[in-house]
Amino acid sequence: MTHQEFVPSMYSKEIKSGKVSWQAPSNIALVKYWGKKEHQIPANPSISFTLNHCRSTTSLEFQKKEDKSDSFEFDFYFEDKPKQDFKPKIEKFFERIQEYCPYLNDYNFVIRSENSFPHSSGIASSASGMSALALCIMDLESQLDPEMSKEHFQRKASFLARLGSGSASRSIQGDLMIWGKHNEFESSSDLFAIRYEDELHKNFQNFQDTILLVDKGEKQVSSTVGHDLMHGHPFAEERFKQAHENLSKLIPALKSGDYSEFIKIVESEALTLHAMMMSSHPYFILMKPNTLEIINKIWKFREDTGIPACFTLDAGANVHLLYPEDHASKVLEFIKNELVAYCENGHYICDQVGNGAKKL
Ligand code: DP6
């Protein structure tokens, strides 16, 4: 499937060698992407907050090959060590983007990547890692084609990142990103994510996300396997419809600062994602007992204090606790007193909504 808009026609410059570095953040979906079609096309639209502190830093060194017919090669280092187990994912990524970035064949590459969050934290690095790599590739492309507009740069970076990992398409910009066609957002697309242009209501600016690390191990089920389970899932069509509806309802809540509507949608999305996993074949329970303990504590805290703190989950046991900055000190006290006991080794990561990737 070729998308002509993203196939470069010619390059005006000749670049022999160089190095570019980008830092890209992770993101947390409020309406979840769960289920995809061929070519990394999402089965439903999703929306996410871009995070600020959980980031991947990636550099790409490129050297023009002496002989173009030499095979395509790259070395990959993660935290300064050669990392073989990440290579197949990156190889697949390069294969997928080949037709959109034909110049890649002219170079040999060295890729170095590291994360701001510990590798064994149960936080997936594919969104931040793949978007940082896509941005490095676009940086090279923009050197070959200096006329490229900023808009095209960002769109194509998101387009390429999507081909590495769907959620990575939402990590290019911030603070709120929509990926997937939705009829209320004219410029939305299945091919790349767009930034929600209106300013967030002050209630949601600098929104906090504290990630409670319930299980720091490898994911029990990879997202790719999880998405696949939506094929032939008995509730799939209803779920995809619901995601469209939830996005339609969430935007007005974000605009008007309506916490209770926001909480209703976000928590329900998280539980629905897990319900899809519980009701697929084969079925999985991705929460741990401590996940439920934390959810119950958050509900009680909200009821007792009136503070609009809520949770969301990705496809694992960790809990993202979302809350307004104004209430940060009370919520952090609550975390220390009541939630830390349910986190593996007492670990949690404080993050907040951020503005997207940056060039280093
Ligand atoms: C539960 O983007 O990791 O976090 O496209 O197969 O790489 P692939 O999947 P991935 O799926 C993320 C799923 C999710 C929800 C979300 O981020 O929207």
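The values are calculated or read from the model by the stated rules, or taken from the named source; none is laboratory data. These numbers were taken from a predicted model, which means no experiment stands behind them. Cβ sites come from the backbone with ideal geometry, for glycine too, and all protein chains shown count toward neighbours. The protein model used for the area step is the full one, side chains on, heavy atoms only, and it has no ligands, DNA or RNA in it. Shrake-Rupley method; radii C 1.70, N 1.55, O 1.52, S 1.80 Å.
Things worth noting here:
- A 1.4 Å probe run over the protein chains yields, for the range 256-360, 47 Å² of accessible area per residue, whole-number rounding.
- Given charges at Cβ of Lys, Arg, Asp, Glu: the chain dipole, positive-most of ASN27, ALA341, SER12: ALA341
- Accessible surface of the chain [probe 1.4 Å, protein heavy atoms]: carbon and sulfur percent: 48 percent
- Residue-count net charge about VAL331 - beta-carbon cut-off 15 Å; Lys, Arg +1, Asp, Glu -1: -3
- Counting only DSSP H runs of at least 4 residues, each contributing -39500 (n - 2.57), and dividing by the residue count of the chain, the helix-based mean residue ellipticity at 222 nm comes to -10500 deg cm²/dmol.
- Once backbone amide H atoms are built at 1.01 Å from N, LEU176 has THR50, TYR196 as its partners under 5 Å, excluding neighbours fewer than 5 places away on the same chain.
- Taking a quarter of the surface of the Cα convex hull of the range 206-352 gives a mean projected area of 8.9 nm².
- Ligands, DNA and RNA aside, GLU114 has an accessible area near 90 Å² when probed at 1.4 Å.
- Listed residues VAL7, VAL266 arranged by accessible area, highest first, probe 1.4 Å: VAL7, VAL266
- Each residue of the range 321-334 is assigned a 3J(HN,Hα), and the resulting list reads 9, 9, 6, x, 4, 3, 9, 4, 5, 5, 5, 5, 5, 4 Hz, derived from the Karplus form 6.51 cos²θ - 1.76 cosθ + 1.60 (θ = phi - 60°), x at Gly and Pro.
- With Cα atoms defining each centre, the range 190-214 and the range 318-336 are spaced 16 Å apart in the structure.
- Qualifying lysines (Cα of each under 25 Å from Cα of LYS83; at least 8 residues distant if same chain): LYS19, LYS64, LYS65, LYS92, LYS216, LYS219, LYS358, LYS359
- Equivalent ellipsoid semi-axes - Cα gyration tensor, the range 3-198, angstrom: 26, 20, 15
- Per-residue SASA entry for TYR11, accessible area with 1.4 Å probe, Å² rounded to 10: 80 Å²
- Partner lysines whose Cα lies under 17 Å from the Cα of LYS297, excluding those fewer than 8 positions away in the same chain, are identified as LYS264, LYS288, LYS330, LYS336.
- Averaged per residue, the range 138-223 has 39 square angstrom of accessible surface, using a 1.4 angstrom probe with ligands and nucleic acids left out.
- Residue of GLU218, GLU325, GLU197 that the Gaussian network model of the chain assigns the largest fluctuation, springs spanning Cα pairs under 10 Å: GLU197
- By the combined test of axial Cα extent (at least 20 Å) and Kyte-Doolittle hydropathy (mean at least 0.5), the qualifying DSSP H helices of the chain come to 126-144, 259-278.
- Convex hull (Cα only) mean projected area of the range 1-119, reported in nm² to one decimal: 9.5 nm²
- Across the range 206-352, the relative contact order, built from alpha-carbon pairs under 8 Å that are at least six residues apart, equals 45 percent.
- Computed over the chain, the ratio Rg/Rh where both radii use C-alpha atoms and Rh is Kirkwood: 0.97
- Heavy-atom SASA rank of PHE284, PHE117 (probe 1.4 Å, accessible area, largest first): PHE284, PHE117
- Listed residues ASP75, ASP314 arranged by accessible area, highest first, probe 1.4 Å: ASP75, ASP314
- Cross-link partners for LYS68 among the aspartates and glutamates, with Cα-Cα distance under 13 Å and sequence neighbours closer than 8 places in the same chain left out: ASP106.
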